[in-house]
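Read through the structure below, which is laid out as structure tokens, and then see the notes.
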């Protein structure tokens, strides 16, 4: 009886990409920034994420043993995307099969390098591998779906003495193709890794994706944001946490505020934060707190006042509409600004 011929493994068909050391810019995939793909909670989540907006369909499923991949686990994907883009721009050949040391990964995403941090890294890899995603995003045929896990597989590399000294992982083709497309990747602020709240992190990625550097900023209907986040929190709790973020202003590079329209609808809005004024007068105290108010020699930026406004802002037209207001809200988006009552602290 002839032996059964096994098909070649995915690992055997891929070249191994040894990641590069260095402190280069973090890159994030825009699809992951714009849509609900991750749990925002630090506690284990089993309930799936179901999201539909226009032609976009997303379902994220978790297994009880590991729970759903979290927005902190997504730091590993940011590291991977940054490695691939940096190597590609340097003219090097990349691959979905990547090899790195835990130390390099942890340092890049702003974590510690203790045994506990390493164990958390492995737990994050397990969640990324066991979380299943089904989406219609970037599918050529209408109604077509792509199913994948954030990591196809991963394994520890050990020395002859059995000591772990490296990790190999295989990225899914859906994610890899997005990273290799310049138009689908954005540079993010390294301060993102210092954000500790799941909602803070999610909101920064959404703001960075849709607003970029637009001087006029952007605005979202808060109820649509609740749906778009994939959060299990009730709407009232979600809105309370958003107001707390507005109070704290934690997002690097952006200033948040809320607006209330004449209809009573509440919008979350943001604008690029003004640059820090580096002018320090002679005789000033040695320690100048970060975020010190603008000097008297500098005129405040237009559009950053907390006073009620009367002008009609330009509509946000240079991003995908399904990621802003819902279908009912979109029709009134351009008129709502004219009826604005003012910003709510």
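Numbers below:
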quantity	calculated
Residue in the range 162-177 that is touching a helix residue (DSSP H, G or I) at 6+ places or on another chain (Cβ under 9 Å), touching a residue at least 60 places away in the same chain (Cβ under 8 Å), buried (at least 16 other Cβ atoms within 10 Å of the Cβ) and in a loop (DSSP other than H, G, I, E, B) present	yes
Members of the range 102-131 found to be over 18 Å from the mean Cα position of the chain (by Cα), modelled with pLDDT of 95 or more and outside any helix (DSSP H, G or I), listed by number	112
Failed criterion for residue 250 (all others in (1) touching a strand residue (DSSP E or B) at 6+ places or on another chain (Cβ under 7 Å); (2) buried (at least 17 other Cβ atoms within 10 Å of the Cβ); (3) at pLDDT 95 or above; (4) not assigned by TED's automatic domain parsing to the domain that holds residue 108 hold)	(1)
Members of the range 1-41 that are at pLDDT below 70 and either within 30 Å of residue 238 (Cβ to Cβ) or within 23 Å of the chain's Cα centre (by Cα) (or both)	none
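The values are calculated or read from the model by the stated rules, or taken from the named source; none is laboratory data. Since this is a predicted model, take the numbers as computed values, not measurements. All Cβ positions, even for glycine, are placed from backbone atoms using ideal geometry, and neighbour counts span all protein chains on display.
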